[in-house]
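Visitor: One structure follows; several queries about it will come next.
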Amino acid sequence: MQKIIFLLHLPPPIHGSSVVGKYIQDCKEINNEFDCTFINLLASKSVSDTGRINISKLIGFINTWLNLLRLLITQKPSLCYFALTTTGAGFFRDTTFVLLLKLFRVKIVYHLHNKGIKEKNHSFLYRLFYPLAFNDTDVIVLSPLLYEDIRSLVLPEKVHICANGVPLNNYLLSPKKNKVIPELLFLSNLIEEKGVFILLEACEILKNKSIPFHCTFIGSWGDVNEERFNSFLKEKGITNYVKYAGKQYGQTKFEYLRDADIFILPTYYAKECFPMTILEAMSMQLPIVSTPEGGIPDIIEDGITGFLCPQKDASVLAIKLEELILNPTKREEMGKATFTKYESAYTLEIFENRMYQILKSIIATD
């Protein structure tokens, strides 16, 4: 049985890469086929803690590095799966693991959950370390649209496409009812670049036009905190139209998705790749309103499964939301289309099988 070391992200905190890491750790197909060892690279315990350096993180990094060294000596793995952080301090931390793996001549496959390499490659330090990190490695990206970010570093034949997938919650599915006041849902960490204030501005426009709606925000506080969020609601006069429902996980989160009518993620987040929350909304038969950031245009077919709006444009966002709010038939048609696409491309089973096939093919390559 071939040995694989998995350097990945596991919750907490809850975000896309850690959710995917948990899916991989629990995948029966991968665990049955390979002798797997999992190492959690995440030292942060919350979203707000991400990117900060402290003593506990430094100690955790040293312990992880020593643990990897021990495993490389004792296990002699055939492959290392690595959820590489591509920018910032996390990249330079991860480069120390890469150097250790290359010292032991271990085959590496990176699974990229964020982007920014193309932009950072203009910096001297990154130009020095990127070729070192990516030389002779395979890379998994979430969408063909994301290859452009690594084109200068990785040959096409070394790139593997594996879209994210999420489980289906059949027990929560129910037909959408034509409500008098449609429910809009934002589900993501509350980071300004996720479009929090763009959506709130769109809500103000809808309110001023007397369009009936209610909008719920779910997620962890990020650079948008509670005081700032509530102050903005009061400033725009939308306190009665918008609420923050806190962090929601598991069944409770899917109950909010079940009860929603429209899912919205007006993101302009520079590292956005392939949001898991959009896939979860698709699994719950929701029309999606988002932006053409990262791999999102691969997920959403504009005008069929939802709408792609220009980034940072609250007026266009409000127009698209108004169209869906006032047209329940269109909402239902788009919701059915999103679920059909989910079933054909984004189930957890499809993701797990594709990941297994990629790992198997890389190991088989001399």
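Where a number appears in this text, it was derived from the coordinates with a stated rule and is not lab data. These numbers were taken from a predicted model, which means no experiment stands behind them. No Cβ is skipped: glycine too gets one built from the backbone with ideal geometry, and neighbour counts run over all protein chains shown.
Visitor: Determine the percent antiparallel among the DSSP beta bridges restricted to the chain, to the nearest 5.
Guide: On the way: 0 of 39 bridges.
Taking every DSSP beta bridge with both residues in the chain, the antiparallel ones total about 0 percent.
Visitor: Report the normalised scattering of the range 183-244 as log10 I(q)/I(0) at q = 0.20, 0.23, 0.24 Å⁻¹, calculated by the Debye formula with identical scatterers on the alpha carbons.
Guide: At q = 0.20, 0.23, 0.24 Å⁻¹ the computed log10 ratios are -0.69, -0.92, -1.00.
Visitor: Further question: Where does each of R331, R151 land when they are ranked from fewest to most other beta-carbon atoms within 10 angstrom? Intermediate results must be reported in sequence, preceding the final value.
Guide: Numbers: R331 22, R151 12.
Placing the least packed residue first, the sequence is R151, R331.
Visitor: On to the next question. Roughly how big is the chain's charge dipole about its Cα centre, with Cβ charges of +1 (Lys, Arg) and -1 (Asp, Glu), in debye to the nearest 20?
Guide: 780 debye
Visitor: Give the separation of the Cα centroids, the range 113-133 to the range 306-366, in Å.
Guide: 29 Å
Visitor: Is it possible to state the helix-based mean residue ellipticity at 222 nm for the chain, with each DSSP H run of 4+ residues giving -39500 (n - 2.57), the sum divided by total residues, to the nearest 500 deg cm²/dmol? What is it? Display every interim value, and only then the final one.
Guide: Values: 14 runs with 162 residues, N = 366.
Roughly -13500 deg cm²/dmol at 222 nm, from the helical runs in the chain.
Visitor: For the chain, modelled as a GNM with alpha-carbon contacts under 10 angstrom, which of Q25, Q285, Q248 fluctuates the most?
Guide: Evaluated over the chain, the most mobile residue of the options is Q248.
Visitor: Rounded to two decimals, what is Rg over Rh for the range 170-345 when you use alpha-carbon atoms and the Kirkwood radius?
Guide: 0.92
Visitor: Also: Give K28/K247; K102/K312; K57/K107; K28/K107; K3/K336 a once-over and call out the pairs whose C-alpha atoms are over 32 Å from each other. Walk me through the numbers before you get to the answer.
Guide: Values: K28/K247 29 Å; K102/K312 42 Å; K57/K107 27 Å; K28/K107 23 Å; K3/K336 42 Å.
Checking Cα-Cα distances, K102/K312; K3/K336 exceed 32 Å.
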